[in-house]
1. In degrees between 0 and 90, to the nearest 10, how far off the longest principal axis of the chain does helix 29-48 point, with axes built from Cα atoms?
2. Simple spin-label model, 7 Å along Cα-to-Cβ: MET241 to GLU297 in nm?
3. Using only Cα atoms, locate the centre of segment 76-129 and the centre of segment 229-302, then give the distance between them in Å, rounded to an integer.
4. Under the definition of Cα pairs under 8 Å and six or more residues apart, what whole-number percent is the relative contact order of segment 1-126?
5. Restricting things to Cα coordinates, could you compute the convex hull volume per residue of the chain in Å³?
6. Starting from the Cα of GLU197, step 7 Å toward the Cβ, then list every residue of segment 130-171 with an amide N under 17 Å from that point.
7. Using only the Cα atoms of segment 24-72, construct the convex hull and provide its projected area averaged over every direction, in square nanometres to one decimal.
8. Using Cα-Cα distances under 8 Å and only pairs 6 or more residues apart, what relative contact order does the chain have, in percent?
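What follows draws every value from the coordinates through simple rules; no lab data is involved. All of these numbers come straight from a predicted model, not from anything done at the bench. Methodologically, a virtual Cβ is constructed for each residue, glycine included, from the backbone with ideal geometry; neighbour enumeration extends over all protein chains shown.
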Amino acid sequence: DAPIDGMAVTLAVHNGRAALYFDRARVDAATAALLLRRLEAICARVAEGETRLDAIRALPAREVRRLLQGWNATKSTYDSSQTMHGAIEAQMEKTPDDVALVFEDQSLSYGALDQLSRKVAGQLRAAGIGPGSNVALCLPRGFDLVIGALAILRAGGAYLPLDPDYPKDRLAHCISDSRAGVILTNAALAGKLPDSEATVLLISDLQARGEDGPVDGEAGPGDLAYLIYTSGSTGLPKGVMVEHRNVVNFFHAMDAFIDRDQGRNWMAVTSLAFDISVLELFYTLSRGFRVVISGDETRAAISNGPLRGGAG
């Protein structure tokens, strides 16, 4: 007897014929037709008699083409030679007087961000940082957090975010596992860092000693931009390594989804140790947004609790 009461879909076979019944309240006609085509494809392969059951493809050829070719046709043209920091440098040169960052009651222009990050980047280069160098970054939320990350990139290195609120054993593992040779931090946090072989540099010292000159860290699209550690819920935290070309491709892809004409203000709420921060802080800066960095109290109010995370 068909259809069977309570079932969304019923396949009835009788006297060599099959019929598909479906509940229109739960399944639309297009979905039912799709299921029917899949069943027809399976039955046709079974009828051949020579195909192993585990080799039978449930999808008809037309659907396979749509999935693998139609929906996967995402290739587009963009400047693939650009780097993560290069995209931001282009914006800083274009709009030096525009506000780049807002934190509490202070603001920082794109021009000032350019100058401060260049000073720190120059000192990092002098300390031996370049492509292939992983630099741990442990700073509170504020201007220095962005300046530090951008300076590491401009020096050619890859930044490893260390959230000051994370347990010491996690920070120690990230520093050791990444083989970070330098930790960029401030005076308040330097004494709270776990013991390691890394050289500790204070961002205030680098800003004070730095000169306002050009910096070429020589990083290219294939060099590492940053690495973020997973939560470690299935074992030890693992470092996810992201190259400049990955980030630039992501930036280009986001252009199709973010309407930059609707508003130029963006609130950054997530930890730098969480991968969505790349969108909140660096995609936005590369596209000329005014980025409002929320403090810890603001983040807690927005999320009804602390915002923490990792990659994956």
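1. 70
2. Spacing of the two 7 Å Cα→Cβ label points: 4.2 nm.
3. 16
4. Normalised by residue count, the contact order of segment 1-126 is 10 percent.
5. Convex hull of Cα atoms, per residue: 214 Å³.
6. 133-136
7. Result: 4.4 nm².
8. 17
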